[in-house]
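Engineer: Let me begin by handing over the structure; questions about it come next.
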Amino acid sequence: MKVARTLTAAAATLVTTVAASAQSFNIDFGNTAPGTGSPTNAFGAAAGQAGFWQTIASVTANVPIVMQDLSGAATAATIACNQTELSFGFDNPGTTGDTQLLMDDLLDMGGAGSSDVFTISGLQNGSYDVYTYAWAPDSATFLTNVSVNGVNQQVIGGAWPGGFQQGITHALHTAVQVVNGTMTIQTSTSSGFSSLNGLQLVIPGPGALALLGVAGVVGSRRRRA
């Protein structure tokens, strides 16, 4: 049992190391009152992913912005938009605290016919869950289309539901495969004006679970010996 416990502890340490080095990101778009400033590092939003929130107040067409990871460190990844988009803010009475800081300011991406493509380059290859916050705090009738890598379009918007809810506050694209270091996020106006509040790229944890599985197998073999 002592050997098994030692191996299990080692596996747990490896899991922690893998999680700590994973290339995940939290981005808060916009920097206009009442959403001025980024959420605190303890805030996980819909993904439950705590860590540093990078503020991107505005974007200039085709100018890449270096992305910062959950520790706040610069990475090789960049994000760029094909359009210039500026910050907008509105005080929605339903949002408070970190949620307000994320959701009450945004990139205002225009009315009917507007569309944007955000290209993320320099990513580590692998599988990502992508949370795209595209909620308009100023009107429940403003709806934004969101797709990732050109597929699985989701329409986001509506009255504040009291918390994060897929289809209202954000789109969720799971198991997005990155094979050449690049991911694209497309937004367009479905009704009124389109909005982009934030973005989370999350690396799912099957690698960590696999490590724990190996530890479990070793432990079971030790018990049978």
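The values are calculated or read from the model by the stated rules, or taken from the named source; none is laboratory data. Nothing here was measured: the structure is a model prediction, and the numbers come from that model. Here Cβ is always computed from backbone atoms with ideal geometry, including for glycine, and neighbour counts include all displayed protein chains. Just the protein is used for accessible areas: all its heavy atoms, side chains included, with ligands, DNA and RNA removed. Shrake-Rupley method; radii C 1.70, N 1.55, O 1.52, S 1.80 Å.
Engineer: Rounded to the nearest 0.05, what FRET efficiency do Ala33 and Asn180 give with R0 = 30 Å and r taken as the Cβ-Cβ distance? Could you check? Show your work: numbers first, answer last.
Structural biologist: On the way: r = 39 Å, r/R0 = 1.31.
In this case the efficiency is close to 0.15.
Engineer: Roll a 1.4 angstrom probe over the protein heavy atoms and tell me the percent of accessible area of segment 95-155 that is carbon or sulfur. Intermediate results must be reported in sequence, preceding the final value.
Structural biologist: Details: 990 of 2060 Å².
Carbon plus sulfur share of accessible area: 48 percent.
Engineer: If you don't mind, another one. Non-local amide H neighbours of Ala134 (under 5 Å, H modeled in plane, Pro and chain starts lacking H): which ones?
Structural biologist: His170, Ala171, Asn197
Engineer: Whole number in Å², please: accessible area per residue of segment 126-178, 1.4 Å probe, ligands, DNA and RNA not counted. Spell out each step's value before the answer.
Structural biologist: Working: 1930 Å² over 53 residues.
For segment 126-178, the per-residue accessible area is 36 Å².
Engineer: Additional query: Just to verify a number: FRET efficiency for Ser121 and Val155, C-beta to C-beta distance, R0 = 30 Å, to 0.05? Kindly include the intermediate steps, with their values, before the conclusion.
Structural biologist: Working: r = 27 Å, r/R0 = 0.90.
E between Ser121 and Val155, to the nearest 0.05, is 0.65.
Engineer: Hey, another quick one. How much length, in nm to one decimal, is gained on full extension between Ser191 and Ser58, taken as 0.36 nm per residue of separation minus their Cα-Cα distance?
Structural biologist: Values: separation 133, 0.36 × 133 = 47.88 nm, distance 2.20 nm.
Using 0.36 nm per residue and subtracting the Cα-Cα distance, I get 45.7 nm.
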